[in-house]
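What follows is a single structure, written as C-alpha cells, with notes after it.
Values quoted throughout were computed directly from the atomic coordinates according to the rules given, and no laboratory measurement underlies them. Please read all numbers here as calculations on a predicted model, not as lab measurements. FYI the Cβ positions are ideal-geometry reconstructions off the backbone, even for glycines, and counts take in every protein chain you see.
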Amino acid sequence: MKKIKKFFAFAIYILMLLFFTQSDCRRLDPWYPCSNANSVFVPQDMKDRFYFKDGTYWIYININTNETDSMWVWKSSNAVSCVDSKVYGNGFSKCYESFNYRVKNLAAINGDKYYTNIGINVSPVKGTSNSELFGISDFYLKDQIESYRVDNRGGVYENQMGEIMVMMDSVVVQNNLVYRNVFRLFYPPGARTYDYLLDTYYAKNIGLVKFNRRVDSTEWELIRYHIVQ
C-alpha cells in the first residue's frame, strides 16, 4: 500500500512539474500547444534583414575619417509563444514568433552597457496572418533613445514616422564592395524623428551595410562581417 501511495505521489509530482514548466499556452482556456496551424511567423524577408544570432559581427569604416568600428551580437533569442486572447479581448488565441538581440560596439562611451537592443513586436489582430503587424525597434541605452525602424504586414513593409522605403538591386561601398538586394530606409529633410539613424541600408542575410547617424552626421559603410542566422 505504501508503495502504491508513493507511486501516485510521484506521478502527481511529475504531472505538476510538467504543467508548470510548459509554455503559457498550456494554461490557456481552451488548452492548446503552439503549432504551425495556430502560429504567426515573422515575415521571412524581415527576419533575413533584421535578425542575427550570437557570433555575428560587422566591421564598418567612417567614410569621412577612415576610422573603423566593430559591432557584434552579444545576446540573441528567437521563440514562438502564445498570446492569451483575454489580454486583447478579441476572443482568439494564437502563437507569435518574436526575436531580440543586443549589439555592442567598440566606440560606445559606456562600454559596459549595450550599444543597442534590437527587437520585434507584434500587434495581434483577429483575422488572417496577412493582417498581423510586426514592427522592428531599437533601444539605444547610452542615450535612452528608442527608435522605430519599420513595420511589416503580411510580407509588405509599411512606414511609421514618414520614412521613405526603397528596394535597391545593389549598393556599392568602400573598396568597391557590392551588396545585393538592399532595402533602404531613410527620413527626408524636415521629417519629424528622434531616430538614432537617419539613413540605413539593409542587405538580405547581412544586415546593416551602410548608415548615417543623426547625432554626429557621420556616414559608415560595412567592409567586413561574419553572419550567424
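Would you work out which of Ser147, Ala37, Asn176 lies farthest towards the positive end of the dipole of the range 36-226, given +1 charges on the beta-carbon of Lys and Arg and -1 on that of Asp and Glu, about the Cα centre?
Value computed over the given set: Ala37.
Which residues among the range 171-215 fall inside the zone where the amide N is under 13 Å from a point 7 Å beyond the Cα of Glu67, along Cα→Cβ?
It comes to 213, 215, nothing else.
So what is the diffusion coefficient of the range 36-226 in µm² per second by Stokes-Einstein at 25 °C and 0.890 mPa s, using a Kirkwood Rh over Cα pairs?
Using the Kirkwood radius from Cα pairs, D works out to 139 µm²/s.
Expected output is a single nm value to one decimal: the length gained when fully extending between Asn205 and Leu106, i.e. 0.36 nm times separation in residues minus the C-alpha distance. What is it?
Extra length available between Asn205 and Leu106 comes to 33.3 nm.
For the range 36-226, what's the relative contact order in percent, using C-alpha pairs closer than 8 Å and at least 6 residues apart?
Averaging sequence separation for qualifying contacts and normalising by length gives 20 percent for the range 36-226.
Determine the dipole magnitude for the range 36-226: charges of +1 sit on the beta-carbon of Lys and Arg, -1 on that of Asp and Glu, nothing else is charged, the reference point is the Cα centre, and the result goes in debye to the nearest 20.
360 debye
Taking the mean number of other Cβ atoms within 10 Å as a proxy for protection, how do you rank 50-57, 215-222 from highest to lowest?
50-57, 215-222
Would you mind calculating the gained length between Ala79 and Ile145 on full extension (0.36 nm times residue separation, minus the Cα-Cα distance), in nm to one decimal?
The Ala79-Ile145 span can extend by a further 21.2 nm.
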